[in-house]
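For reference, the structure is listed below as structure tokens.
Every number in this text was worked out from the coordinates using simple rules, so none of it is lab data. Everything numeric here is computed off the predicted structure, so don't read it as measured data. So basically every Cβ, Gly included, is an ideal-geometry build from the backbone, and we count neighbours across all protein chains shown.
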Amino acid sequence: MRRLLLPLLFVTVSLLAQPGVQNTSVAPATVESNTTKKKSAPKIPHYLLEEKKQLDIDLKENNIWSKIYSNYHIYKELKHEEEAIDKKIAQLHKLSKRRRLNKAQKEVLESLENKKKVLQGKLQLLKEYEKDPFKKFLTPPKIGTVPSVGNPFAVISALSFQEKLKNDQKEYNSRYESIKSVMQQLHAKEKLLKQLIALDPKNKAYQTELETVKDQIKTFTPVIEIFETTQSVYTKKIDEIKLNLQAEIKKEIEKATTIGIIILIFLVLVFLIKYLVRRYMSDNERFYTINKFLNFTFFTLLLLTLLFAYIENVSYLVTILGFASAGIAIAMKDWFMSIMGWFVIIIGGAIHVGDRVKFVRNGMEYVGDIVDISLLRMTIQEDVTLTTYMKNRRAGRIIFVPNNFVFTDMIANYSHAGLKTVWDGIDFVVTFDSNINKATSIAKEVTKKYSKGYTDITRKQLNKLRSQYSMKNTNVEPRIFAFIDTNGMRISAWYHTNAYATLTLRSTISTEIIERIQAEEDIRLAYPTQSIYIDKDVRKPQMPEGLEGEQA
């Protein structure tokens, strides 16, 4: 037994000692080999390394295409990793069906499932790079709705749209130029890496980087081809839209210029007519009416010109208005009646701006001057008159009278056809025993004295109106009437006065008549009184007949 153990122990010791010997003998050779490699490593020119460094910087900085490719590449790697994890998890699940997993296998399965959840989160963030990662940048900007140039204001929107198309096209072309630049840089890098590998064939980093660059070139090549086709179609479409817009803008500018010239001619004619009317017409009121009519005519012509110029289908508009006219006429009856009233006022000439009128509505009376006649209403400035003194006790208001009231209400014109005067009357009562003849004489003298100027003016104006109106009574001299009244004899004195200042002359005449009557002993003013005679006659004694003659 010992004889057998001794040889076996010797062999074992010999075997254990041999590796040590080999290690000691190999070490110097290995050191010598490494030294040889270091000595024999190729020397790469510095300018190539600098060129590669600059290309790497250019491809990484401010390069959206490289970033998209990087995200796309990361997504693919994560997807492959997920598939590998799914395969391992499937194997473990299949194994668990045959037999129960041990603790280590369970931990591995749990770790793989957690890792899969993390990968799924990353993949969800990079979901847009799953398919067509460059689609967003290959798709040209939306053109949108091309504006129709149908009026001068649309020219502005058309020019703005053209500018938008120009900016969109510029931005899209910049994308194309950027991807072309990236492609050129990738080809340059590929060529440079091939030079570096030729100088250092055993450099694995350069080989791996070359494969990556080739993969990028392979990915970007179809992208550029698609981009070129899309850009060509997009550019042609943009050019077509621009040409159409330019033609429409030119046409609209020519139309607007023609319409502008027509309107300018109308405007010059209106101003010329206004100038001639103002120069050769002394009546300001008639000038105001003509001026309003000219303005209305000008705006009507302007509206019709624009209507026929910018409505493509006028017959269609007329048809619609024909069907809608009945409803419009009912809904806007007062407006239409006011417009018709305006035509009656302007063409008929019954009322002019500056006329003093009296308007009666629902028992209320308004007297004032016409300050404006618009398409829908007349504007009256209320003055202090006998009406405001006796009835309204208000004055100075601005009253708006719809034009359609000329058909339904009474409007009295104090100054129609150039007449500036009206008849006004003053009444006073004297006692029955007063000298009536003397009282009427005083009234006639006073009224004739103060109304003489207005009487002459009225006579001249009525003589002019005889050719236009049938006037039977043209007597304009003051008129004095005497009537029996309850408390005495009523003396009524009528005279012509200024239609715009009746109260002033009435006040003057009233004051002087009272002063003259009070100076007379045989004329006494009457007012409601009671006389009681008991034992003495208190009446005014009658003068003897002889004395009356002397007094007279």
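Length available on full extension from Ile253 to Thr379: 0.36 nm per residue minus the Cα-Cα distance, which gives 41.1 nm. Under 19 Å of direct C-alpha separation, and excluding same-chain neighbours fewer than eight residues apart, Lys103 reaches these lysines: Lys88, Lys94, Lys115. What FRET efficiency do you get for Leu267 and Asn244 if R0 is 41 Å and r is their Cβ-Cβ distance, rounded to the nearest 0.05? That pair, Leu267 with Asn244, gives E of 0.75. Computing FRET efficiency as 1/(1 + (r/R0)^6) for Ile226 and Leu95, where r is the C-beta to C-beta distance and R0 is 41 Å, gives about 0.30.
By the scheme Lys and Arg +1, Asp and Glu -1, what is the net charge of all other residues having a beta-carbon under 11 Å from that of Phe405? Surrounding charge for Phe405 is 0.
Cross-linked pairs Lys358/Lys444; Lys180/Lys214; Lys52/Lys194; Lys67/Lys127: Cα-Cα separations exceed 23 Å for Lys358/Lys444.
How high is the relative contact order of segment 364-467? Use alpha-carbon pairs under 8 Å, at least six apart in sequence, and give a whole percent. Don't skip to the end; give the middle numbers.
On the way: 78 pairs, mean separation 17.6, N = 104.
Reported relative contact order: 17 percent.
Taking +1 at the Cβ of each Lys and Arg and -1 at the Cβ of each Asp and Glu, which of Ile85, Tyr72, Leu49 sits farthest along the dipole of segment 41-96 towards its positive end, judged by Cα position relative to the Cα centre? Farthest along the dipole direction, towards plus: Ile85.
Here, segment 215-259 has an Rg and a Dmax of 19.4, 65 Å when only alpha carbons are counted. The value of relative contact order for segment 134-306, using C-alpha pairs under 8 Å at least six residues apart, is 28 percent.
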